[in-house]
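Written below as structure tokens is the structure these notes are about.
The values are calculated or read from the model by the stated rules, or taken from the named source; none is laboratory data. All values reported here derive from a predicted model rather than from experimental measurement. Neighbour counts run over all protein chains shown; Cβ positions are idealised from the backbone, glycine included. Ligands, DNA and RNA are excluded from the accessible area calculation, which covers all protein heavy atoms including side chains. Shrake-Rupley method; radii C 1.70, N 1.55, O 1.52, S 1.80 Å.
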Amino acid sequence: MNLAQTPSPPYYAVIFTSLRTEGDNGYGTMAEAMEQLAAEQPGFLGIESARDGLGITVSYWESLASIAAWKQNARHLVAQQRGRDTWYEKFKVRICRVERDYEFARH
């Protein structure tokens with residue numbers, strides 16, 4: 001697992017935090033497809049995701065307009081509805097402007 005390589009700020013982060021229902025029910029396949037589709041969208045900068053009971057996915061975008069376009073992508077709309085109908089007990093989306101970032105790497 002690698003950290004997303006983002007440009008110098010400012011840029012935007014979409015934080016998607018979720019609690020899943022029981023069973024996969026096609027979730028894994030759709031999650032992979034959505035990650036690949038997001039990477040093809042204008043303004044996409046990267047993604048990081050972790051799940052251990054609580055799931056947290058952070059996607060990074062150039063602008064609010066690119067986030068809005070992704071939210072309205074036809075294939076993404078299908079996945080969003082399936083999430084509400086089948087995969088999620090609860091989720092929350094937060095959209096943030098990244099003003100500053102820094103990193104550490106042990107080499």
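Computed quantities for the displayed model
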read-out	value
Matching option when the condition is touching a residue at least 60 places away in the same chain (Cβ under 8 Å) and not hydroxyl-bearing (Ser, Thr, Tyr), among 39, 50, 13	13
Tabulated pairs, region 91-103, first within 12 Å of residue 17 (Cβ to Cβ), second open to solvent by 100 Å² or more (accessible area, probe 1.4 Å), C-beta under 8 angstrom, 6+ apart or interchain	none
Pair list, Cβ < 6 Å and 6+ apart or interchain, from region 55-66 residues that are closer than 8 Å to residue 14 by Cβ to residues that are part of a helix (DSSP H, G or I)	61/67
Extreme residue, farthest from the chain's Cα centre (by Cα), among residues of region 1-18 that are of a type in the set (A, V, I, L, M, F, W, C) and assigned to a loop (DSSP other than H, G, I, E, B)	1
